[in-house]
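Enquirer: Encoded as structure tokens, here's the structure I'll be asking about.
Just so you know, all these numbers are worked out from the coordinates, no wet-lab data involved. Computed from a predicted model, the values in this text were never measured in an experiment. A quick note on method: Cβ atoms are made from the backbone with ideal geometry, for glycine too, and the neighbour counts reach across all protein chains shown.
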């Protein structure tokens, strides 16, 4: 995992520095004097040789110093603290939808193969996989907000409601913990549409994989044996078949984390969700090296950790798998 | 069974596709759903006088929507947030609504077509005959939001702070030598050299506003002049105060009931500025009435559609921003003025303004925007005349063209690409091959830094810091201002122009000054180091119930004076 992260950091650093650019000049503004630009350059160490800049950044990382952001004029860690929890909240909500909707949908599609439910699920899945996420987002906004007035257009919480006390930065968790029911109700409302949009494609993938994996499993001999033994269908499906069918589904979920994180960037823009996505896009436009490095590494960390968890889950699900 | 299930599948897929197509057509075809005026506010919300959270039934309307029907609260939408609340640091061309509503300068510029100096925190002023000393008589009885009195000491403190920090727009104020607080009500600015635009510079949004010395001193840390604190807090004298700021989410302003300007019986109690990066979302919210005012919408279709919507008003004004094609005058054949003039005669100005920009721009007829100081009309005007262009090219030794030129446009500004494509077709007729190339802003900054790497031609935009284009003329056309320190992107040098501009810098007689600039503009226009294309309009959208919106040329769309507004 360390090697993956090192590789990612080198690659990101290399790419962002290879592109000819003058971020100090851009940060100072078009009407700034040379003096001002030089001051900024010195402050951010742009006048030092590249390997030294990389070294400074990496050693700073180890100390917990993520550098200073040219764009927002404050330490990157402050920006991360302000924006990352929002993305985590959105991605977690989407992940939950993915689990709670995707797996059951896949199971039921397999069990009721070729019936109406299966047909609907096929359409939904093709839609989820094929339709671009920003189009889906705009469609949901139009239908659910503009036409039906069921859900709000964007934001994390109603403008006139104070956000809950910041403990984790995730509004839903913070309001639960502090017993702030007004904030809980409001932030739950606001997260529904962005989370559904984000989860749509992942639900599709997970449902399809679960379905085909279940079909595979249900066709196995030992299932026929279980049925022959007279076990109730429910037991057959959930106790015997599902557990075996889950491995590919869990793998898919792990892989979907990457998709969810990158999809979050687009969803955040459309639903005005103040997360890391929008921040990263602005940083890239401004060539804010510290911010770009940090956010890329952050995403890489989340992705590798999630897949680590998936690997561990394998062992829990299937005792036959071990890493010794 | 298989056939039936396949049929069902096809039916469902068709349904989805139909829905998709319908949603594509829908926005234009949707009949007007919003009534002409907002219905009487549904009394499920408490009046916004209290700041306690609202106890209301959780319908989508109150979940962010109910506020728009509150007549004392204004919901403003804009795409980008600002990065700091410190007015001495802020130089962002976005999110700066608080700058003029929470802070005030000594003088303001007012007017939609032209800028007129108006007293703000200063009541009157005098300029010494040698043009070096400006004496201001300050308004009495003004208090900062923290309750401390406004006086000459505060003015001196604010400017000393601005000059010491050397950030933001400080470059506009380096002509100041020192500031003296003569007495509580009088302050003197002594300049290093006469500067005819000094008063206009003092009207700028960025920099010359007055902050409370008490607040800064109380929150200073390690000699940072209160920068860390003022980046996230506010200490001004204006009609509104910053209540809270959630970065990238919203900025809330509340009314300063003790404002020296006083209040009538119609005003706004609270301004909630929400940052909504997606222009379609802004449009949906305005249509639905969940927002009152939208600033910075970029989509021409969305704006046009909103202009047709009942209950919504789209206001349009000429702004101080221009689009111009910058020519690198060091690269042959562009070093020949005749070739540059030929280019100026080959550009279709009217098509750019009416066709590509949909009529939301006017063609330029000088080197600067209209309506600002420093605008002078030359004795002739470039128009699209391919005959004339060909003649000039022939005189320059290129009767059939026979060369290619690079045209760079900056990423994200698709309009510039379209303008390039239009021009490409016309230049082809002259035998010139226009190579259209996209470049990210940062890459261009780097390339622009020296005449070798600067592109042959590049479509740029220029916005003025305050309603005075003489600053533009100086930084762009004076030969001492080559990049990277200046903005003479064209590496243009004309000794006669240089002399005129140097004289103008120190001239104090307004009549003489006008003469000098008239001459300089005539020469620059003739030399054509640029092709001056269009002056763009700003469009603001608001619901019909929002009254009192006035556009101010000097402050663009960010300079909305909320204290003049109210809702019916």
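Enquirer: Along the three principal axes, how long is the protein assembly as shown when you take its alpha carbons, biggest first, rounded to the nearest angstrom?
Expert: 109, 72, 61
Enquirer: While we're on this one: Once you keep just the Cα pairs under 8 angstrom separated by 6 or more residues, what percentage relative contact order results for chain B? Kindly include the intermediate steps, with their values, before the conclusion.
Expert: On the way: 1129 pairs, mean separation 111.1, N = 568.
Taking the mean separation of contacting Cα pairs over the length of chain B, I get 20 percent.
Enquirer: If Rh is defined by the Kirkwood formula over all Cα pairs and Rg also comes from Cα, what ratio Rg/Rh do you get for the stretch B:438-568?
Expert: On the way: Rg = 19.0 Å, Rh = 17.6 Å.
Here the Rg-to-Rh quotient is 1.08.
Enquirer: If you don't mind, there's one more thing I want to ask. Assuming 0.36 nm per residue, please report the length gained on full extension of the stretch residue B:153 to residue B:544 beyond their Cα-Cα distance.
Expert: On the way: separation 391, 0.36 × 391 = 140.76 nm, distance 4.38 nm.
Full extension from residue B:153 to residue B:544 adds 136.4 nm.
Enquirer: Ok, one more. Tell me, what are the semi-axes, in whole angstrom and largest first, of the equivalent ellipsoid of the stretch B:322-536 as set by the roots of 5 times the Cα gyration tensor eigenvalues? List each step's numbers first, then the result.
Expert: Numbers: eigenvalues 135, 70, 66 Å².
Whole-Å semi-axes of the equivalent ellipsoid: 26, 19, 18.
Enquirer: When the Debye formula is applied to the Cα atoms of the stretch A:1-111, each taken as the same point scatterer, what base-10 log of I(q)/I(0) results at q = 0.21, 0.22, 0.24 Å⁻¹?
Expert: Relative scattering, expressed as log10 I(q)/I(0), comes to -1.26, -1.31, -1.38.
Enquirer: Residues of A:69-77, mean number of Cβ from any other protein chain within 10 Å of their own Cβ, rounded to a whole number? All intermediate terms of the calculation are to be shown ahead of the outcome.
Expert: Values: counts 1, 1, 2, 6, 8, 6, 0, 0, 0.
That average works out to 3.
Enquirer: Same structure again: For a quick check: sort B:407, B:566 by the number of other beta carbons within 10 angstrom, fewest at the front.
Expert: Details: B:407 22, B:566 19.
Ascending Cβ contact count within 10 Å gives the list B:566, B:407.
Enquirer: Follow-up. Dimensions of the stretch B:295-370 along principal axes (Cα, Å, largest first)?
Expert: 55, 21, 19
Enquirer: Continuing with this model, one more query. For residue B:304 and residue B:418, what does the FRET efficiency come to when R0 = 22 Å and r is the distance between their Cβ atoms, rounded to the nearest 0.05?
Expert: Details: r = 17 Å, r/R0 = 0.75.
In this case the efficiency is close to 0.85.
Enquirer: Tell me, how many Å apart are the Cα centres for the stretch B:376-408 and for the stretch B:306-366?
Expert: 17 Å
Enquirer: Compute the acute angle (0 to 90°) between the alpha-carbon long axis of helix A:34-43 and the principal axis of greatest extent of the alpha-carbon atoms of chain A; round to the nearest 10°.
Expert: So the inclination is approximately 50 degrees.
Enquirer: How large is the translational diffusion coefficient of the stretch B:465-526 in µm² per second when you combine the Kirkwood radius over alpha carbon pairs with Stokes-Einstein at 20 °C and 1.002 mPa s?
Expert: Numbers: Rh = 11.8 Å.
Here the translational diffusion coefficient equals 182 µm²/s.
Enquirer: Suppose we look only past 23 Å in the calculated P(r) of the stretch B:299-441. What percent of the Cα-Cα pairs does that tail hold? Please report the intermediate quantities before stating the final value.
Expert: Working: 4402 of 10153 pairs.
Tail fraction, whole percent: 43.
Enquirer: Once you wrap a convex hull around the alpha carbon atoms of the stretch A:278-324, what is its projected area averaged over all directions, in nm²?
Expert: Details: hull surface 17.5 nm².
Reported value for the Cα convex hull: 4.4 nm².
Enquirer: How large is Rg over Rh for the stretch A:2-62, taking Rg from the Cα atoms and Rh as the Kirkwood inverse mean of 1/r across Cα pairs? Please report the intermediate quantities before stating the final value.
Expert: Numbers: Rg = 13.6 Å, Rh = 12.9 Å.
Taking Rg over the Kirkwood Rh, I get 1.05.
Enquirer: Given an 8 Å cut-off on Cα distances and at least 6 residues of separation, report the relative contact order of the stretch A:83-317 as a percent. Don't jump to the answer; show the numbers that get you there.
Expert: On the way: 282 pairs, mean separation 69.4, N = 235.
Taking the mean separation of contacting Cα pairs over the length of the stretch A:83-317, I get 30 percent.
Enquirer: How are the alpha carbon pair distances in the stretch A:83-317 distributed across 10 Å bins from zero to the largest one, expressed in percent?
Expert: P(r) over the stretch A:83-317, rounded to whole percents: 8, 27, 31, 22, 9, 2, 0.
Enquirer: Just need log10 I(q)/I(0) for chain B at q = 0.10 Å⁻¹, Debye formula, equal scatterers on the alpha-carbon atoms, no solvent, rounded to two decimals.
Expert: Log-scaled intensity ratios, in q order: -0.94.
Enquirer: Could you tell me the convex hull volume per residue, in Å³, taken over the Cα atoms of the stretch A:154-280?
Expert: Numbers: hull volume 17.0 nm³, N = 127.
Value for the stretch A:154-280: 134 Å³ per residue.
Enquirer: Taking every DSSP beta bridge that has both residues in the protein assembly as shown, what percent is antiparallel when rounded to the nearest 5? Write out the running numbers ahead of the final one.
Expert: Details: 62 of 81 bridges.
Antiparallel bridges: around 75 percent, rounded to the nearest 5.
Enquirer: Okay, moving on. Give the shape of the stretch B:118-237 as rounded, prolate or oblate, defined through the alpha-carbon gyration tensor: a ≥ b ≥ c are the square roots of its eigenvalues, a/c under 1.5 means rounded, and otherwise the shape is prolate if a/b is larger than b/c and oblate if not. Numbers along the way, then the final one.
Expert: Values: a/c = 1.98, a/b = 1.36, b/c = 1.45.
Taking the square roots of the gyration eigenvalues as a ≥ b ≥ c, the stretch B:118-237 is oblate.
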